[in-house]
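Chemist: Dumping the structure here so I can ask a few things about it.
We did not get these values from a lab; they are worked out from the coordinates using the rules stated. For clarity, every value in this text was computed on a predicted model and none was experimentally measured. Positions of Cβ are generated from backbone atoms using ideal geometry, with glycine treated the same way; all protein chains shown enter the neighbour counts.
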Amino acid sequence: MFKKFNTWLGLAGLLSLTTIAEAQVVSDAPIKGTPYMQEAYVDGVIYYANKNLTAPIRYNAYQDLIEYKQDGKALVLDANPKIQKVKLGEEAFVPQKYNLNGKPKLGYFALLDSGKVMLFAKRKIVYTAEKKGRALDGSDMPAEFKRTADDYYFKIGEGELQELSNIKSMIASFPDKQDELTAFVKKEKISPKKEKEMVRLIQYYNSL
């Protein structure tokens, strides 16, 4: 469906293997939705190797790539350990190591809160191929990019990134303050499926 072209790109002094230009759709069939969290480029900053580059940026959540423009060219930046963060509007994306389908991978995560514990969200968009004759009226269902629920992860200090499966197990993994956190979750009725509530919980822990 998508085609990538690899090239070497010097990013203001940072040499990295990068996928160039916007991912190209091979199929001519119309596709509903978008692979981007926000279709339009917005002013952003790429922080890397104690330097920074200001550029128009957007995030391709389907392919987990940062796309940006430099010298009039559309370029793509894979997650790289030398990248400290990418500021995109009000959101900051940070490269992190994690397991995807049992395999180690480096990807971009939205940083929700930082301190003794860091909270991240993995923004997700999935692709569904065209389905012939599957609509209720017997017509074809077009291919579609669809926004799905985010996955949440946390990191204690310099430890490994851990997926947030449920609040109880997350609290149990913390080095201290389990009683205070359990009481806070019960009182505030914190849900692991609600981002703002999870941010409140981590902010509370980081304030203790």
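Chemist: Give me V94, V45 ranked fewest to most by other Cβ atoms within 10 Å of their Cβ, as a rough exposure proxy. Kindly include the intermediate steps, with their values, before the conclusion.
Modeler: On the way: V94 19, V45 15.
Least to most surrounded, the residues fall as V45, V94.
Chemist: Same structure again: When Rg is the radius of gyration of the Cα atoms in region 34-131 and Rh is its Kirkwood radius, what does Rg/Rh come to?
Modeler: Details: Rg = 13.8 Å, Rh = 14.2 Å.
Rg/Rh for region 34-131 comes to 0.98.
Chemist: What order do you get for S207, S173 when you list them from fewest to most C-beta neighbours inside 10 Å? The partial results should precede the final answer.
Modeler: Numbers: S207 8, S173 13.
So the residues, fewest neighbours to most, are S207, S173.
Chemist: Working out 0.36 nm times the residue gap between N52 and S169, then minus their Cα-Cα distance, what length gain in nm do you get to one decimal?
Modeler: In short, 38.4 nm is gained.
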